[in-house]
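Please treat every number below as a calculation from the coordinates, not as lab data. The shown structure was predicted, so the numbers you read here are calculated from the model rather than taken from an experiment. Positions of Cβ are generated from backbone atoms using ideal geometry, with glycine treated the same way; all protein chains shown enter the neighbour counts.
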Amino acid sequence: MKQTCTEASNSTFSCSARCEAGCPAVQPKSNGTLMHGTLMHRNLMHRKLMQAMWGCVLMVCSQSGALNMAHAQQKTQPEMGAPQFAKARPVHIALVSDTHTTRGTNEDQALYKGRLDQVIASVNAAKPDLVLLAGDLTQDGKAQEYADFRAQVASFAAPMLWIAGNHDVGSKRIEGKEGGVTTERVARYEAAMGSSFFLDVRSGVRIVGLNASLLGSGLPREVEQWTFLETVLDRPGALPTLLLMHNPPFLKTPTEPGGDYWNIEPEPRARLLKLLERGGVRIVLSGHLHRSIVNRHNNILFVTGIPVSFGLPRPI
């Protein structure tokens, strides 16, 4: 299944997306080759399978603001009066999500490491400028898992940025339900992995990372994150701005109810969406769902990648 979406262009930004949401159910034989076809076909299918496991290559023109989620560059024609940039160049960004690094052996956990190794090789072959990892870096947020994760992803050839997921720091807090993100788990993550929210500029692109589990938590670190977001998203920047988070803000509509595991609760979601518009964010990248979705709201493209750890989704 392929999902295609296109945003209307404006004078500062235009984007389109073509995202591989899944592949035919091709299972490996015992000898490790894929069923059916010639060697060329097997190699092609293997590349498609690997791409489906780690999502798409983002192509961002760091000067003109054009963004294209596809392997082949799509030329964009600016509107009349739009600024011209002679030195615009595409910046390739790979989105990887839900690695769930663990030494566990439940179900297929022993396969997670090998799947990530395959994805690393596939991403390196695509030669992106940057790799973004959209949370759930580990299974349980243990010190040993953080160390294992860092050691394994060091094999990515490109620079990396990552954010925390609920498996790393705890899930979002839901009124009337126990558990959720804690100050202690966030502190443990940040001691091992760096700040759970940040602003970074790479290859002419602004990357804003946030800790989705903090939203609506009431923790002191949430207050600090809102202050940070109010500052960095005070107004549109001169460079294209992407936001990286674990939970998508919404699954179907911006006004959908909360109270479940997957989205952001309505109150912090509404506040975040206003900031995204004010700050000129054009695309929000996330994971968490273990399936691919693409949404659009007020000229912002929302893309959720599928998990590395669990392999390819089964056909529905």
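Computed quantities for the displayed model
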read-out	value
Other-chain or far-sequence residues with amide H under 5 Å of residue 101's (modelled H)	138, 139
Contour minus Cα-Cα distance for residue 110 and residue 190 (0.36 nm per residue)	26.2 nm
Partners for residue 252 among aspartates and glutamates (Cα-Cα distance below 14 Å; same-chain residues under 8 apart left out)	260, 265
Ranking of 177, 142, 252 by count of other Cβ atoms within 10 Å, fewest first	252, 177, 142
Reach of residue 142 by Cα under 16 Å, taken over aspartates and glutamates that are not fewer than 8 positions away in the same chain	98, 168, 184, 190
Residues 102, 304, 231, 183, sorted so that the one with the fewest Cβ neighbours within 10 Å comes first	231, 183, 102, 304
Prolate/oblate/rounded call for the range 185-316, Cα gyration tensor, a/c under 1.5 rounded	rounded
For residue 305, residues with placed amide H under 5 Å, excluding near neighbours	286, 287
271, 202, 278 arranged by Cβ crowding within 10 Å, fewest neighbours leading	278, 271, 202
Length released on extending from residue 251 to residue 175, taking residue separation times 0.36 nm less the Cα-Cα span	25.4 nm
Pairwise label distance in nanometres, residue 183 with residue 121, each label 7 Å out on the Cα-Cβ vector	4.7
Residues whose placed amide H lies under 5 Å from that of residue 91, excluding near-sequence neighbours	60, 61, 62
Cα shape, the range 246-293, gyration tensor, a/c 1.5 rule	oblate
